[in-house]
Amino acid sequence: MATNMADAPAVQESSHECANNENESAKDENETLSKRQRKRLLKSQQWEEQRELRKQKRKERKQQRKLERQAQAEDGVEWTGKKRLRRSAEPSSLRLVIDCSFDNLMVLKDVKKLHKQIQRCYAENRRTLHPVQFYLTSQGGQLKQVMDEINKGWVNWKDVHFKPDAFHEIMKKEDLVYLTSDSPNVLQELDEAKAYVIGGLVDHNHHKGITFGRAQELGIAHAQLPLGSFVQMNSRKVLAVNHVFEIILAFLEKRDWQEAFFTVLPQRKGAVPVGQENKLGEGNDEEDSDEDSDKEQPIAEKRTDSRDQSESKQEEHKPVLKQSDSNERNTA
């Protein structure tokens, strides 16, 4: 017993020494950290400490939205959320096909551009009121490799028919209409029993007439969109894959070709309605229409955006009274 009591102070002294060593070690570590590293460490600690608070706020926001939806339902107001819009869409029986059989005619850079245009087509078809039956045929080669490397989620795309076979091998020839700007036939109406084919090619005008020649070779119907009947442009009338796709979708919704064209065509085309040639914009002929149009604005939005930009510039000259850096990010 006496021995144990004698050892107790030694154990306590040892524990104090260990604690002191740990504190000194932590102090030394903090001293070796730069000012920026210490700030990051402090920010990380604060983030962890506020985790439960953020979780609680997300729950509160979710509950608030639920109550708002219930209130709207009681008042007879239709909920306009994305999910409701998607359910209320009326699918069209029209088949829209992107023919990807020109893979060997494109360099890798252009194949990647085609991939972006296909992504745009998929996104627009998912949000439109009248989604078409979307087919991607002759899928393989460089395009499939790019899709596997850049966008592995394509295998989970909904409402898209991926086919390694050519379109004329899986569809009846009498149902096919190849859309090509070289065709002498002008499309006036859309037949929803038909399958309209778009050439999946980004070639910067190096292979003129190739899609028209393909249609003739296969002995199938061909036509061009009635662009010249409604639109006057400075630039070439060859449109990118996603432009043609989106124009078809817009026509199915609006049933008006002119409105469909001006909803989709980018500003750089410098287009105006036929009969207003004196207002013709400055189209960029050097910029090929095969370029992806994700960053382009439709012509119909140009005037509104210009006004918004003007108002924005005026706002920039106003004195800033107070600016808060504590805006809460909605992570719900």
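The values are calculated or read from the model by the stated rules, or taken from the named source; none is laboratory data. Here the structure is a predicted model, which is why all the values come from computation and not from measurement. Here the Cβ is made from the backbone with ideal geometry for all residues, glycine too, and neighbour counts use every protein chain on show. To get the accessible areas, we keep the full protein, side chains included, count just its heavy atoms, and leave off ligands, DNA and RNA. Shrake-Rupley method; radii C 1.70, N 1.55, O 1.52, S 1.80 Å.
State the number of residues belonging to region 183-216 that are more than 22 Å from residue 119 (Cβ to Cβ) and either in a loop (DSSP other than H, G, I, E, B) or β-branched (Val, Ile, Thr) (or both). Can you show your working first?
Initial filter on region 183-216 (more than 22 Å from residue 119 (Cβ to Cβ)): 183-194, 205-210, 212-216.
Checking which are either in a loop (DSSP other than H, G, I, E, B) or β-branched (Val, Ile, Thr) (or both) leaves us with 183-194, 205-210.
Residues in region 183-216 being more than 22 Å from residue 119 (Cβ to Cβ) and either in a loop (DSSP other than H, G, I, E, B) or β-branched (Val, Ile, Thr) (or both): 18 in total.
Would you confirm whether any residue within region 111-119 is open to solvent by 40 Å² or more (accessible area, probe 1.4 Å), touching a residue at least 40 places away in the same chain (Cβ under 8 Å) and either more than 21 Å from residue 153 (Cα to Cα) or part of a helix (DSSP H, G or I) (or both)?
yes
Could you give me the residue pairs with C-beta distances under 7 Å whose first residue belongs to region 162-183 and is closer than 8 Å to residue 137 by Cβ, whose second residue is of a type in the set (A, V, I, L, M, F, W, C) and surrounded by fewer than 17 Cβ atoms within 10 Å (Cβ to Cβ) wherever it lies, and which are 6+ apart or on separate chains?
If the second residue must be of a type in the set (A, V, I, L, M, F, W, C) and surrounded by fewer than 17 Cβ atoms within 10 Å (Cβ to Cβ), the pairs left are 163/170.
Identify the residue in region 155-170 that is in contact with a Ser or Thr (Cβ under 9 Å, 6 or more places away or on another chain) and not in a helix (DSSP H, G or I) and, among all such residues, is most open to solvent (accessible area, probe 1.4 Å).
It comes out as 164.
Out of the residues in region 270-293 meeting the condition of being in contact with a strand residue (DSSP E or B) (Cβ under 8 Å, 6 or more places away or on another chain) and in a helix (DSSP H, G or I), tell me which one is modelled with the lowest pLDDT.
So, considering only residues that are in contact with a strand residue (DSSP E or B) (Cβ under 8 Å, 6 or more places away or on another chain) and in a helix (DSSP H, G or I), the one modelled with the lowest pLDDT is 279.
Can you tell me which condition residue 253 does not meet? The list is (1) part of a strand (DSSP E or B); (2) touching a Ser or Thr at 6+ places or on another chain (Cβ under 7 Å); (3) not aliphatic (A, V, I, L, M), and all the others hold.
Of the numbered conditions (1) part of a strand (DSSP E or B); (2) touching a Ser or Thr at 6+ places or on another chain (Cβ under 7 Å); (3) not aliphatic (A, V, I, L, M), the odd one out for residue 253 is (1).
Here's the yes/no breakdown for (1) among the aromatic types (Phe, Trp, Tyr); (2) within 21 Å of the chain's Cα centre (by Cα); (3) surrounded by fewer than 17 Cβ atoms within 10 Å (Cβ to Cβ); (4) not in a loop (DSSP other than H, G, I, E, B):
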site	(1), (2), (3), (4)
143	no, yes, no, yes
153	no, yes, yes, yes
174	no, no, yes, yes
181	no, no, no, no
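Restricting the search to region 62-99, which residues are closer than 24 Å to residue 245 by Cβ, surrounded by 11 or more Cβ atoms within 10 Å (Cβ to Cβ) and either of a type in the set (Val, Ile, Thr) or at pLDDT below 80 (or both)?
Once the filter is applied, which keeps residues that are closer than 24 Å to residue 245 by Cβ, surrounded by 11 or more Cβ atoms within 10 Å (Cβ to Cβ) and either of a type in the set (Val, Ile, Thr) or at pLDDT below 80 (or both), region 62-99 yields 85, 86, 97, 98.
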